[in-house]
Amino acid sequence: MVLRVLCHVNHYFGRSLGFTGGSTSGKEARRREVVSECLAALRGLPKAEVDLRVCGIGDNTLLPLDADYAHLEDPTQLVYESLHEMASRVDEYDYFINVEDDILVPAATWLNVLEFDRSCLVNEILHPNRMEVDDTGFRYCVDLYGNPMWTHQVKRFQGRTLRVAVTPHSGILIMSRDKLRYALHEIDQSFRGIVFAKGMESALAHFHGPFSLYRAYDDLEFHHVTHLDRWKHAPAVVYRANPYRTFHDVSLSIRDFVPPAAGKMYRYSKRLIARLRTRGETTEDGTSDG
């Protein structure tokens, strides 16, 4: 059976006041090569008839656009717009993929999703680990490097252990028609705010909000995508012996990972604990004696 798949690729190249990265500061020739490689992999997914649409903003592009959101003043809102246009066609396709333009999706990862969906609950997703390569050729999951924490949720699938990570980000969304319908029933479709990092990451996190996002835990490469760019906070060389417990980039702050309201509460709590410690009213772990 061949599945009908709607794939929106979020493509941007040009200056931006809202974010920085390979799409704003990379070399044009290399960026064009990366995007073309990712598009070719998506078009070649097995068991799929892929309707691939490149989504972008005006002249900030290296390739022709199929969907132009030229009205957007903030390019970090691009993913929200492409997701909501995709959602408006939920009855027309079997599967939906929304992905950043530098994410390479292996055929095996796509087939893993199809197999997982045969027996999982509607609110469970097999979510790929987003792998990057450092200057020495070492592959590691960049999102676990940024946030290596896991929840208590565990499943077994094809002999591997799956767990739900705290971070929801992998630069991609893959949902069946039933899962997308479930998401649209559970989320506020008018929302365009910040729930994780910035606008692009928040859009994917918002649509993923109702789901348990299971990742391969004991074999990160089993279910993965490859980030052909590099996260701006990633190190040139990752400490191989323990890559997920060495994240101490002082250029980051709480504002990079949480919405403004939560950040305000975090800063207030730190000030309150500091005052209580000064007065001798807290324990060593910051809890109150009273």
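The modelled label-to-label distance for the pair Asp219/Arg53, using points 7 Å beyond Cα in the direction of Cβ, is 3.7 nm.
Annotation: amide H of Tyr69 within the under-5 Å range of Gly56, Ile57, Gly58, sequence separation 5 or more or interchain, hydrogens built in the peptide plane. A Förster radius of 25 Å, combined with the Cβ-Cβ distance separating Ala40 from His84, puts the computed FRET efficiency at roughly 0.40. Annotation for Arg240 and Trp150: the two label points, set 7 Å from Cα along the Cα-Cβ direction, are 2.3 nm apart. Using the Karplus relation 6.51 cos²θ - 1.76 cosθ + 1.60 with θ = phi - 60°, the per-residue 3J(HN,Hα) values for the stretch 114-125 come to 4, 5, 4, 5, 5, 10, 7, 6, 5, 9, 10, 10 Hz, with x marking Gly and Pro.
Less than 5 angstrom separates the built amide H of Asn129 from those of Ala216, His223, His224, Val225, all sequence-distant by 5 or more or on a different chain. Shown in residue order for the stretch 79-89 are the 3J(HN,Hα) couplings computed by the Karplus curve 6.51 cos²θ - 1.76 cosθ + 1.60 at θ = phi - 60°: 5, 4, 5, 5, 5, 6, 5, 4, 4, 5, 10 Hz (x for Gly and Pro).
Residue-wise HN-Hα couplings along the stretch 228-237, as the Karplus relation 6.51 cos²θ - 1.76 cosθ + 1.60 with θ = phi - 60° gives them from phi, are 7, 8, 9, 4, 5, 9, 6, x, 5, 9 Hz; Gly and Pro carry x. Ordering of 132-142, 197-207 by packing is 197-207, 132-142, highest average first (other Cβ atoms within 10 Å, averaged per residue). For Ala48, list long-range residues whose amide hydrogen, built 1.01 Å from N in the peptide plane, is under 5 Å from its own amide hydrogen. Long-range HN contacts for Ala48: Leu3. Modelled this way, with points 7 Å down the Cα-to-C-beta line, the labels at Asp135 and Arg160 are 3.0 nm from one another.
Which shape class, rounded, prolate or oblate, goes with the stretch 18-108 when its Cα gyration tensor gives a ≥ b ≥ c as root eigenvalues, a/c under 1.5 marks rounded, and past that a/b bigger than b/c marks prolate?
Values: a/c = 2.13, a/b = 1.19, b/c = 1.78.
Oblate, because a/c is 1.5 or more while a/b does not exceed b/c.
Only the coordinates and a few stated rules stand behind these numbers; no lab work does. What you see is a predicted model; the values in this text were computed from it and never measured. All Cβ positions, even for glycine, are placed from backbone atoms using ideal geometry, and neighbour counts span all protein chains on display.
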